[in-house]
Number of protein chains: 2
Amino acid sequence: MGKVDLSACPVCSKSDIVDELAFLDDLKCTIKSYQKNTLIIRQGDICDALYVLTLGSVKTEMITENGNILGIEIIKAPRPLAPAFVFSDNNRFPVNVTSLEEVEIMKIPKAEIMRLMMTNQNFMSSFMTHNANRTQFLTNRLQLLSIKTIKGKLAHFLLENSLEEGKPFEINRNQTGLADFFGVARPSLARSLSEMVQEGLIQINKKEYTVLKTKQLRELLV
Amino acid sequence: MGKVDLSACPVCSKSDIVDELAFLDDLKCTIKSYQKNTLIIRQGDICDALYVLTLGSVKTEMITENGNILGIEIIKAPRPLAPAFVFSDNNRFPVNVTSLEEVEIMKIPKAEIMRLMMTNQNFMSSFMTHNANRTQFLTNRLQLLSIKTIKGKLAHFLLENSLEEGKPFEINRNQTGLADFFGVARPSLARSLSEMVQEGLIQINKKEYTVLKTKQLRELLV
DNA sequence: ATAAAAGTGTAACAATTGTTACACTCTCAG
DNA sequence: CTGAGAGTGTAACAATTGTTACACTTTTAT
């Protein structure tokens, strides 16, 4: 495993720590590799360090009490995993983390994070901003889940991803994944999708979606 | 408005800033009062400062795109409001904040927060922990919403609040509020509740609930 | 004390979604 | 090239929840 490039990492990018040659050598951290499709972190595991995904991509998913899977998101390196939870009173991971390919994960002890925060204002600021953005992401998820109809969720999701009416865009999830993401049954999602296609609201070609009638799509949110 | 007591405030309690006499005088902040039932902050408002509820109580609720209200929580002073969002890239409030009684709200500019964080390790640590706990709260809300049946949500919620089987506990929400909290229709919630009472799983007396059969309640989560 | 407002219980019916099943297409590894 | 597995389309039916309506009870304000 070579020298890690953290210049694209959201909590490090604005920080001058990337330029400090001594940074990674000084940092008391360990790096581990995992094979494809490995369950790396379990929901409920103690989170006593900051985990940073330095290579590859993972998916996070929440297991609900009734055993259902609620897909959360796909994370690509470099990015920290659940950085907020290092500091929470009940410091346990809220999600399962599974590797989608071969990955490398860096583990930085909490004390080291504290030291960095106090000595480096840019790092602190970036770390805060990143955590704030994560909170906003969760808020968006809450908003999506709180839309009760499947067509409403789809409208919200498609409008969010569409740049312009009539302009196709790619969705990097298949129908099964989308159904998980929305927390609905797969055939139900397929039904709603095909109805929306028949009504001429959208077009679908494999994973390429096109919003045809933005206005009527918005009305599904009412 | 008298001297504010912040010793019970989660982001200040462990901090020695409370002991610094000069703290509140030095701090460039403003305090405003609001009448009962006032919409203090609108979802989407720019959040360029830290808002701290110093007196009274408020409720936060999220307005979904279809106009429904998704109740989030009731906040009692002293506590900061949406502290994470001061630092987010898109720094807008995620919820509406409405006063439940006469309230006082302190507004501290972002720059002041930054200064405090850098000069006071305890403040920083408390602020981080509090934000982390907020994230965990949102995660729990996500988990609750992802349970699909109303009885399942109720079981989750009641088991979470029950200390012991057969021991009554108080819920500080009425049925209408609970329905909002769950994001379901009020009569549907009432139906599920009365069914659970008839099946002998729980007992209800106004706002006092009792879990009678923990085991069978758990099975509703499956 | 009393009227108004808020909250609750419940019923009939509508609407939406889940379940199950199966045929079909597509993708990818051998 | 080809078979296995993953992903999709769709249909019949079941289950759950929402909607609307109304009578009743409790709380609140004057």
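Please list, in order, the residues from the stretch B:143-167 whose amide nitrogen is less than 20 Å from a point placed 7 Å along the Cα→Cβ vector of B:E208. Of the residues in the stretch B:143-167, B:158-167 have backbone N under 20 Å from the label point off B:E208. Neighbour counts of other Cβ atoms within 10 Å put A:D180, A:D45 in the fewest-to-most order A:D45, A:D180. Across peptide B:89-98, the mean count of Cβ atoms from other chains lying within 10 Å of each residue's own Cβ comes to 2.
With label points set 7 Å from Cα along Cα→Cβ, the inter-copy distances at A:N140 are 2.6 nm, sorted shortest first.
Put simply, the amide H of A:I40, placed in the peptide plane, has neighbours under 5 Å in A:V97, A:T98, A:S99, leaving out anything fewer than 5 places away on its chain. Taking Cβ atoms as reference points and 13 Å as the exclusive limit, the residues near B:T210 contribute a net charge of 0, counting Lys and Arg as +1 and Asp and Glu as -1. Tell me whether the stretch B:99-150 comes out rounded, prolate or oblate; compute the Cα gyration tensor, take square roots of the eigenvalues as a ≥ b ≥ c, and use a/c under 1.5 as the rounded threshold. Judged from the Cα gyration tensor, the stretch B:99-150 comes out oblate (a/c at least 1.5, b/c at or above a/b). Calculated FRET efficiency, B:S194 to B:N90, Cβ-Cβ distance, R0 = 45 Å: about 0.55 to the nearest 0.05.
In order along the stretch B:191-206, the Karplus-derived 3J(HN,Hα) couplings, from 6.51 cos²θ - 1.76 cosθ + 1.60 at θ = phi - 60°, round to 4, 4, 4, 5, 5, 5, 5, 5, 7, x, 7, 9, 10, 10, 9, 6 Hz, and Gly and Pro are given as x. With label points set 7 Å from Cα along Cα→Cβ, the inter-copy distances at B:T119 are 2.3 nm, sorted shortest first.
What is the stretch B:115-193 by shape, rounded, prolate or oblate, if you read a ≥ b ≥ c off the alpha carbon gyration tensor as root eigenvalues and call it rounded for a/c under 1.5, prolate for a/b larger than b/c, and oblate otherwise? In terms of gyration-tensor shape, prolate.
In order along the stretch B:108-124, the phi-based Karplus estimate (6.51 cos²θ - 1.76 cosθ + 1.60, θ = phi - 60°) of 3J(HN,Hα) comes to 10, x, 4, 4, 5, 4, 4, 4, 4, 4, 6, 9, 9, 4, 5, 4, 4 Hz; Gly and Pro are listed as x. A label point on B:E170, set 7 Å along the Cα-to-Cβ line, lies at 5.7 nm from each of its counterparts in the other copies, closest listed first. FRET efficiency for the pair A:M114 and A:T30, taken as 1/(1 + (r/R0)^6) with r the Cβ-Cβ distance and R0 = 25 Å, rounds to 0.90. How many lysine pairs are close in the stretch B:29-171, with Cα atoms under 16 Å apart and the two 8 or more places apart or on different chains? Lysine pair count for the stretch B:29-171: 4. Using the Cβ of B:A185 as centre and a radius below 11 Å, the other residues enclosed give a net charge of +2, where K and R count +1 and D and E count -1.
Summarising the label geometry, the points placed 7 Å from Cα in the beta-carbon direction at B:R173 and A:E160 lie 2.2 nm from one another.
Couplings 3J(HN,Hα) of the stretch B:34-43, computed from phi: 9, 6, 4, 6, 9, 7, 8, 10, 9, 3 Hz, in residue order, whole Hz [Karplus 6.51 cos²θ - 1.76 cosθ + 1.60, θ = phi - 60°; x for Gly and Pro].
Computed from the coordinates by the stated procedures, all read-outs in this text should not be read as laboratory data. Note that the coordinates shown come from a computational prediction; the quantities given were computed from them, not determined experimentally. No Cβ is skipped: glycine too gets one built from the backbone with ideal geometry, and neighbour counts run over all protein chains shown.
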